[in-house]
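Participant: Mind looking over this structure? Questions follow.
Values quoted throughout were computed directly from the atomic coordinates according to the rules given, and no laboratory measurement underlies them. No experiment lies behind these values; they were computed from the predicted model shown. Cβ coordinates were reconstructed from backbone atoms using ideal geometry, including for glycine residues, and neighbour counts include every protein chain displayed.
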Amino acid sequence: MIYNQNKVALTPPMGWNSWNCYGAAVTQEKIKIQADAIVKNGLKEHGFVYINIDDGWQGIRAGKYNAIQGNSRFPDMRSLCNYVHSLGLKIGIYSTPWRKSYGGNTGGYGHELEDARQWAEWGVDFLKYDWRMWAPWEPNEKYIKKMRNALNVVGRKIVFSLSNSAPISKVKIWSKYANMWRTTGDITDTWKSISKIGFSQNKWAKFAGPGYWNDPDMMVVGYVGWGEHQHPSRLNQNEQLTHMTLWCILAAPLLLGCNLVKIDDFLHSILTNNEVLSINQDPLGIQGYRARKERDEEIWVKPLKNKNKAVAFFNKGESSAMVKVSWDDIGVPGNARVRDVWHREDMGLMSNGLSVLVNPHGTRMFIVG
């Protein structure tokens, strides 16, 4: 990993991305509204600090660097970056190594250094770099390397995120240059989507660590929409808890995609549970792994820096089920103290293992040690 020397994203990035909320209908004013909301809702104080602009901001090439400038909906990118920073937040931007983005907007092909210089001057902190699927598909290392090298020389620490949905066979390329990389196609706000994506991440575990994260895509809790019209997530409360638990046990980036103005009490309680968030943000940086699977029941374990283990119980079935694990299954010797992190309750000293009732499509998560 000799090219990635920027020492950023030592824990999974946390924040918000515009795509699952606004899609291509994003504007400068909408970004400000969401930045204000992440502060007003108190999410900033719990680590959600990135406000990332997705596809839809790009205009023509111009300026002293001949770099991509904001379009008519983003008339002053420098002032927008300054505004987000004034709130104590960080700001991200979107581009692609191809000539056009998914939305048909100006791409970065052949202009990596010019664009990186412009982003650094504006004060950008995060880059989502997105592939165009119709382009020659064999992932080309030289384009990633060119952007990595450009980011390295502009004098600003910028998280480099690859949104390439690329095969696992190429992950050694991604981890050489980037801080995080997409492991899947696009997520949607359905149980089928989040469970298929989340429970398929076990094979990626060995590639994660401080500064290098597997990205199973942005979160789809709360009000989402991909455009002008938004709706409450089609995930019920059990499924939203599972979504959050799974992304935390996976040490995945926590990038919300919802309208932050419309966060209800239930979602706020999920997003501000520091005991759960600390599992995601554990500095050891180990991605959780599947320890046991039986029918619709799964046990996932994430070793933590303090020698404890986070243990998540999942029930993918359609009715409530008793889910159990023995300490032998997860490498815990003898007796162990158990804390329920969602309910924030100590359960005392337990021998042999743990058995709990889990709701359909639901979860329970504990610290064991």
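Participant: By the scheme Lys and Arg +1, Asp and Glu -1, what is the net charge of all other residues having a beta-carbon under 15 Å from that of residue 358?
Facilitator: -1
Participant: Students often check this: by mean Cβ neighbours within 10 Å, which of 63-71, 15-23, 233-241 ranks highest, and how do the rest follow?
Facilitator: Output ranking for 63-71, 15-23, 233-241: 15-23, 233-241, 63-71.
Participant: Would you please calculate the Kirkwood hydrodynamic radius of region 14-280 over all C-alpha pairs and express it in Å, rounded to one decimal? Each step should come with its number before you reach the end.
Facilitator: Values: mean 1/r = 0.0538 Å⁻¹.
Result for region 14-280 stands at 18.6 Å.
Participant: How would you rank 165-175, 252-262, highest first, on the average number of other Cβ atoms within 10 Å across their residues? Display every interim value, and only then the final one.
Facilitator: Working: 165-175: 15.6, 252-262: 23.0.
Order by mean packing, descending: 252-262, 165-175.
Participant: While we're here: May I ask for the angle, rounded to the nearest 10°, between helix 141-153 and the longest principal axis of the chain, with both axes built from Cα atoms and the value confined to 0 to 90°?
Facilitator: Orientation of helix 141-153: about 80 degrees from the principal axis.
Participant: Whole-Hz ³J(HN,Hα) for each residue in region 226-237, computed from phi via Karplus 6.51 cos²θ - 1.76 cosθ + 1.60 with θ = phi - 60°, x for glycine and proline: what do you get?
Facilitator: Ordered by residue, 3J(HN,Hα) equals 6, x, 5, 9, 10, 8, x, 3, 6, 6, 6, 5 Hz.
Participant: How would 295, 78, 364 line up from fewest to most surrounding beta-carbon atoms within 10 angstrom? Could the numbers behind the result be given before it?
Facilitator: Details: 295 9, 78 12, 364 21.
Fewest-to-most ranking of 295, 78, 364: 295, 78, 364.
Participant: Quick one: 106, 27, fewest Cβ neighbours within 10 Å first, how do they rank?
Facilitator: 27, 106
Participant: Next up: Amide H of residue 320: which non-local residues (sequence gap of 5 or more, or other chain) have their own amide H closer than 5 Å, using H built in the peptide plane?
Facilitator: none
Participant: Quick one: compute the contact order of region 14-280, relative version, from alpha carbon pairs under 8 angstrom and 6+ residues apart, as a percent.
Facilitator: Normalised by residue count, the contact order of region 14-280 is 20 percent.
Participant: Determine ³J(HN,Hα), in whole Hz, for all residues of region 263-269 in sequence, where each value follows from phi through the Karplus function 6.51 cos²θ - 1.76 cosθ + 1.60 and θ = phi - 60°; x replaces Gly and Pro.
Facilitator: These are the phi-based 3J(HN,Hα) values: 5, 8, 4, 4, 5, 4, 5 Hz.
Participant: I've got another one for you. Using amide H atoms built in the peptide plane, which far-off residues or other-chain residues are under 5 Å from residue 67 H to H?
Facilitator: Amide H to amide H, under 5 Å and 5 or more residues apart or across chains, residue 67 pairs with 62.
Participant: What is the sum of charges, Lys and Arg at +1 and Asp and Glu at -1, for the other residues whose Cβ falls under 9 Å from the Cβ of residue 147?
Facilitator: +1
Participant: Limiting things to C-alpha atoms, what are the Rg and the maximum Cα-Cα separation (Dmax) for region 273-315, in angstroms?
Facilitator: Just the Cα atoms of region 273-315 yield Rg and Dmax of 11.1, 33 Å.
Participant: Estimate the FRET efficiency between residue 275 and residue 176 by the formula 1/(1 + (r/R0)^6), using the beta-carbon distance for r and 35 Å for R0, to the nearest 0.05.
Facilitator: Efficiency, from the Cβ-Cβ distance: 0.55.
Participant: Which three lengths, in whole Å and largest first, does region 289-368 cover when its Cα atoms are put on their principal axes?
Facilitator: Principal extents (largest minus smallest coordinate, Cα): 35, 23, 22 Å.
Participant: Whose amide H sits under 5 Å from the amide H of residue 90, counting only residues 5 or more places off or on another chain, with H placed in the peptide plane?
Facilitator: Under 5 Å from the amide H of residue 90 lie the amide H atoms of 50, 51, each far enough along the sequence or on another chain.
Participant: Can you compute the FRET efficiency between residue 284 and residue 30 using 1/(1 + (r/R0)^6), with r the Cβ-Cβ distance and R0 = 30 Å? Round to the nearest 0.05.
Facilitator: Computed FRET efficiency for residue 284 and residue 30: 0.25.
Participant: List 346, 36 from most exposed to least, where exposure is judged by having the fewest other Cβ atoms within 10 Å.
Facilitator: Starting with the residue having the fewest Cβ neighbours, the order is 346, 36.
Participant: Give, as a single signed number, the net charge of other residues whose beta carbon lies under 13 Å from the beta carbon of residue 281, with Lys and Arg counted +1 and Asp and Glu -1.
Facilitator: 0
Participant: Which FRET efficiency, nearest 0.05, do residue 66 and residue 8 yield, Cβ-Cβ r, R0 25 Å?
Facilitator: For R0 = 25 Å, the calculated efficiency reads 0.40.
Participant: Using per-residue counts of other Cβ atoms within 10 Å, averaged over each peptide, order 92-99, 336-343 from highest down.
Facilitator: Output ranking for 92-99, 336-343: 92-99, 336-343.
Participant: Once phi is turned into ³J(HN,Hα) by the Karplus curve 6.51 cos²θ - 1.76 cosθ + 1.60 with θ = phi - 60°, what whole-Hz value does each residue of region 89-104 show in order, with x for glycine and proline?
Facilitator: Result, ordered by residue: 10, 10, 10, x, 9, 10, 7, 8, x, 9, 6, 10, 7, 4, x, x Hz.
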